[in-house]
Structures are given as structure tokens and as C-alpha cells.
Amino acid sequence: MKIIDVKIFVSCPSRNFVTVKIETDEGLYGLGDATLNGREMAVVAYLQEHIKPCLIGKDAHQIEDIWQYLYKGCYWRRGPITMTAIAGIDMALWDLKGKVAGLPVYQLLGGKSRTKIKVYGHANGQNIDETLDHLGKLIEDGYKAVRLQCAIPGLEGTYGTLADKKDYYELQSNRPLPPEQLWDTNKYLNFIPSLFKKAREKYGMEIQLLHDVHSRLTPIEAAKLGKELEPYNLLFLEDPVPAENQSNYKLIRHHTTTPLAVGEVFNSIWDAKKLIESQSIDYIRMAATHAGGLTSIKRIMDFASLYNVRTAPHGPPDISPIGHAAHAHLNIWAPNFGIQEFVGFGGTDMNKVFKHSLTYDNGHLLLKDIPGLGVDFDEQEAKQFPYKRSYLPISRLEDGTLWDW
Ligand code: EZ4
Ligand code: CO
């Protein structure tokens, strides 16, 4: 089965997505997600100019060899642009192999370890009451686990709010340049424990709660927060600190039993190796879309299982339904699956462009037995939604110092 074309599409059905389509001489095609939020066109150029010419004529069944060819063969290993580009190709090849076999991709990974995929939703708000109302709605909708974020008093626009995009702070800005937001660690640390205290008072201990710090603390500040949150029994605290220095997590670990999760910005197993081996984390959050596709994520999941680390793949709105489907297949298979982040199925525009087969039911995602990844892409519809340059926000301290967002 020879690759005869590699097509790259950029569309913006409410936000930007990069979609890879690999066509073969047997008439079958495979689809992959290569969306890198805020740097989409770098991946498009990488795929178009540097990868596509090398793949024409290759055997589409050689997933592993093509992965190694694109990873080792380019000399410049790793990095988000390279690994997102490889991910787009890798997913499309797995999708194709499933279609040839007439089997959903999870069957090719080894079959089902479970019947449904537990998810956590997001509750955001401008203040504690709003966040807790949102949490209440999610509990009514059947969610068993929810991430709580709330705007910090005195820090306009931070967490839970982004000017007009009130209900979601991470949405792409659709502004000419990155929007800037204020950050103050002291205000944050003084406030966050009260959010969880009130959540427990109102809804009890059964609902599982999570929180994303977005790497804005130092290890000792994160350790303090972890200790203060212990009475509220979080499922995990996400990205308490940046992880370029993997020893950061060891320090937090020594001070608190609040479980730790990290990995959404990682792109290779080497970003996570020390964290996993030293058992400094409880959940690894790497995404197939940003870390080389199913081939490499499957390896990372197996490696993590040796150290009691479970998986909690990143599930933001800036991963396309194809990337979410890749996670669904990995999640149904992985013996050490933990939980999937899930923020809903996107708006009508997105559903016009991507036809997927996942359904939400009572706190879980269900996967249909469709050959391949089970997502289709409507090229004609995609043309209605051209790419719009867009950025994630940027954080600064009051004195102007640039901070982690
Ligand atoms: O801010 O995906 O856990 N989820 C997150 C995300 C990230 C965006 C960045 O592209 O932190 O929503
Ligand atoms: Co996050």
C-alpha cells in the first residue's frame, strides 16, 4: 500500500486545527492531527516542505520505520514542532492500518482493558460561587471528576475569564498579538485553598476534584499548596511547576501527598523519564498530538506502568477530534489508564468539519467500533473556515516581569 499523497489542511472552525491526510494507491486514506496551538503554521511548513516529499512512494504499513525515519532521520530530534509533525503522520498511518484491517485502532494495540473512558470536566468562574455553580451542573450531568479554576480576586482575567471569552480562559484570542494578563503568586496562594474548602462543604467528598496551576509556582510554593490542599483530597494537582528541571517534582513530592500530574507540554519520553523513574509524579499527561503520535505514546504508557504512574492525556480544545480519538483508543487499551481530560465536543462549526464517533455518557466517553480512528474530515466544509492567526495569553507580574502562563 503505497503513499501517493500527503495533504495538509489548516482550518479554523472556531479555532485552528492542522489536519494531515495520507492517501494511498489502494484508495484508502488516513487522518492525523498536527495542531500546535499558537504555532500552527510552523508545523504546516515542516510537513509540507520537509516531510511530504520523503513519504511519497513509501509503504504506508511501515509505521515504526516511518516514525524512526522522521525522528532519527532528520538529525534534529525532539522539539514540539518536529514531534507534532510526526504525530500527524503517525496517527494517519494507524488510522489507515485500522481501515485496512477492518478494526478499530485499539484492537491493533492489544484490545480493550475497559469498556468506557472516565473523564474529568472543567468548572471555571469569575468567583467561587460561579465556579461552584458550574461544578454543580457538571455533577448533575454525571461527571465523576472536575477540574476547578477560578479568577483570582485582584487579578483581572486570570483563570476562568478572558475578557469576552468568559467561560474559558484558554480560548485562542483571535487578536493581532498575545493578550497579556497579570499574575501574583501571593494573591493566588491566599485564595485557592478556600475554593476547594467551599467546594467540599457544598458537594461533599465523593466528587473527585482537580486543579491546574499552569506551572506558575516554584517547587517550595507548590509543596506548600499541595499540603494545604491535602484535606480536600484532590485527584491530582496539575503542572504545579515547570518541568524542564525534572528534579523540581522530587522536591514537591517530599513535602506533600497531594498527587501530581504533568506533561502536556512534553514532546518526548526523555522529558518524562526521570520524573517517572523517580516516581515523583502520579499521572503523565502527554498528548499524542504533541509527542509523536500513538507509536511513542504507547511506549510512554508502558514505561509509566512500571512505576505506578497512570495516564491522564491532555484533552484541551486545541487538540482536534482526530487527536481526541487517538487518545480514546489508547485509553481503552492502556492497562494503566487513569483519566481523560474532556471539555466537550466543540461547537457546530467544528462538528461540520470533523465527524467523530465518540459519545459522552454519565462521566465517561464511549468509543464505537469503527475501523481506524473513527473520525472523518470534510474538506469542503473546512474551506468555509480559513486559518486565523491566534495566540495564547502571556502573564506578567505587576512590575512587568514575564511569568509562566
Ligand atoms: O492551556 O491546551 O490542562 N489544560 C491546559 C490547556 C492549555 C492549552 C494550551 O494550548 O492547561 O488548556
Ligand atoms: Co493544563
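Only the coordinates and a few stated rules stand behind these numbers; no lab work does. Because the structure is a prediction, the values reported are computed rather than measured. Quick reminder, even Gly has a Cβ in these numbers, built from the backbone with ideal geometry, and neighbours come from all protein chains shown.
Quick notes on this structure:
- Available extension along the chain between Arg114 and Ala42 is 22.2 nm, counting 0.36 nm per residue and deducting the alpha carbon span.
- Whole-Hz couplings from phi, Karplus 6.51/-1.76/1.60, listed for region 249-260; x for Gly and Pro: 6, 4, 5, 4, 3, 5, 10, 9, 9, 5, x, 10
- Around the Cα centre of region 3-102, unit charges on the Cβ atoms of Lys, Arg, Asp and Glu (plus for the first two, minus for the last two) sum to a dipole of about 360 debye.
- Helix 80-101 vs. the chain, principal-axis angle (Cα, 0 to 90°, nearest 10): 60
- The ranking of Ser11, Ser113, Ser194, Ser296 from fewest to most other beta carbons within 10 Å of each one's beta carbon is Ser194, Ser113, Ser296, Ser11.
- Most to least packed among 262-270, 303-311, 276-284 [average Cβ atoms within 10 Å]: 262-270, 276-284, 303-311
- Region 60-129: C-alpha gyration tensor shape, a/c 1.5 cut-off, then a/b vs b/c: oblate
- Cα long-axis angle, helix 219-229 against the chain (0 to 90 degrees, to the nearest 10): 70
- Using C-alpha pairs under 8 Å with a sequence gap of at least 6, the mean separation divided by the residue count of region 3-102 gives a relative contact order of 34 percent.
- Look at the Cα gyration tensor of region 109-371: its axes a ≥ b ≥ c give a/c under 1.5, and that counts as rounded.
- Tilt relative to the chain, helix 128-140 - C-alpha long axis, 0 to 90 degrees, to 10: 50
- If you take the Cα centroid of region 364-398 and the Cα centroid of region 230-301, the two points sit 24 Å apart.
- Positive-pole candidate from Ala101, Gly121, Gly32, dipole of the chain, charges at beta carbon: Ala101
- Amide H partners (placed H, <5 Å) of Trp403, local residues excluded: Ser395, Arg396, Leu397
- Percentage relative contact order, region 284-393, counting C-alpha pairs under 8 Å, at least six apart: 23
- Segments 383-390, 321-328, 336-343 sorted - mean Cβ within 10 Å per residue, highest first: 321-328, 336-343, 383-390
- Distance violations [Cα-Cα > 32 Å] among Lys21/Lys388; Lys52/Lys355; Lys118/Lys198; Lys97/Lys383; Lys72/Lys355; Lys197/Lys388: Lys72/Lys355; Lys197/Lys388
- Cα lying deepest toward the dipole's positive end in the chain, options Asn190, Ala312, Pro335, charges on Cβ: Pro335
- Bins of 5 Å, starting at 0 and running to the largest distance - Cα pair percent for region 168-288: 2, 10, 20, 21, 18, 15, 10, 4, 1
- Label-to-label distance, nm, for residues given as Glu206 and Leu402 (7 Å Cα→Cβ offset): 4.8
- Value at 222 nm in deg cm²/dmol, rounded to 500, when DSSP H runs of n ≥ 4 in the chain each add -39,500 (n - 2.57): -10500 deg cm²/dmol
- Under 15 Å of direct C-alpha separation, and excluding same-chain neighbours fewer than eight residues apart, Lys116 reaches these aspartates and glutamates: Glu341, Asp361, Asp369.
- Check: the chain dipole with +1 on Lys, Arg Cβ and -1 on Asp, Glu Cβ, in debye: 620
- Whole-number percent relative contact order across the chain, with pairs defined as alpha carbons under 8 Å at least 6 apart: 22
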